[in-house]
């Protein structure tokens with residue numbers, strides 16, 4: 001498929017690609033060049049506060065793992081038993 005570079009450096013992404021990737025108007029795309037190619041990669045943007053909270057949760061889980069507080073399960077069934085309160 002060919003796309004034409006237009007005024008203001010704009011192109012139209014062919015509908016088959018947009019549909020195939022499940023893209024919608026307003027989606028964000030990272031644009032970069034690699035090995036002489038122009039690449040477009042769909043991305044999701046999260047608010048900084050959300051990312052900071054996630055980082056704190058991950059750091060807490062890592063600390064629990066390091067300290068041995070993170071429970072270890074001998075099987076998937078024992079994990080589900082714990083999650084179901086059995």
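Some observations on this one:
- Against the chain, whose longest principal axis comes from its Cα atoms, helix 48-67 is set at around 40 degrees.
- Label zone at residue 17 (point 7 Å along Cα-to-Cβ), backbone N below 12 Å, segment 38-66: 38-42
- Modelled this way, with points 7 Å down the Cα-to-C-beta line, the labels at residue 64 and residue 78 are 1.7 nm from one another.
We did not get these values from a lab; they are worked out from the coordinates using the rules stated. What you see is a predicted model, and the numbers here were worked out from it, not measured in a lab. When we count neighbours, we look across all protein chains shown, and the Cβ atoms used for this are built from the backbone with ideal geometry, even at glycine.
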